[in-house]
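Written out below as structure tokens is the structure these notes cover.
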Amino acid sequence: MPATKPITVQGKRDDSANPCVGVCSTGLGDEICRGCGRSFHEVTHWASFSAEQRRAINLRIRLQRVKAECLTETSCYES
């Protein structure tokens, strides 16, 4: 079951919230989860990370997804 996504007072998702989408592949031997993009270490140690560490991980995941989308779409390169 996916983790709940805490909502801030402004109605936005908390940047330090667990990015789990309930499709973990690290238990199948993947070093990086196909569902959320975290490493095995990040998945297993998430609860011990500070809010700042969690925000940094979530930012890295978002940037990696944008980069991957840009590699498959030409609109990222158009001015």
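Some points to look at:
Each row is one residue, and each column tells you yes or no for (1) at pLDDT 95 or above; (2) surrounded by 15 or more Cβ atoms within 10 Å (Cβ to Cβ).
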site: Val9; (1), (2): no, no
site: Leu28; (1), (2): no, no
site: Gly35; (1), (2): no, yes
site: Ser50; (1), (2): yes, no
site: Glu69; (1), (2): no, no
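- Filter result for Arg34 (without any contact (Cβ under 8 Å) to a residue 60 or more places away in the chain, part of a helix (DSSP H, G or I), closer than 17 Å to Arg65 by Cα and not aliphatic (A, V, I, L, M)): no
- Among residues of the range 37-63, those that are without any contact (Cβ under 8 Å) to a residue 40 or more places away in the chain, assigned to a helix (DSSP H, G or I), closer than 19 Å to Asp14 by Cα and not charged (D, E, K, R), counted: 10
The values are calculated or read from the model by the stated rules, or taken from the named source; none is laboratory data. Keep in mind that this is a model prediction, so the values were computed, not measured. Glycine gets a Cβ as well: all are built from the backbone with ideal geometry, and neighbour counts include every protein chain shown.
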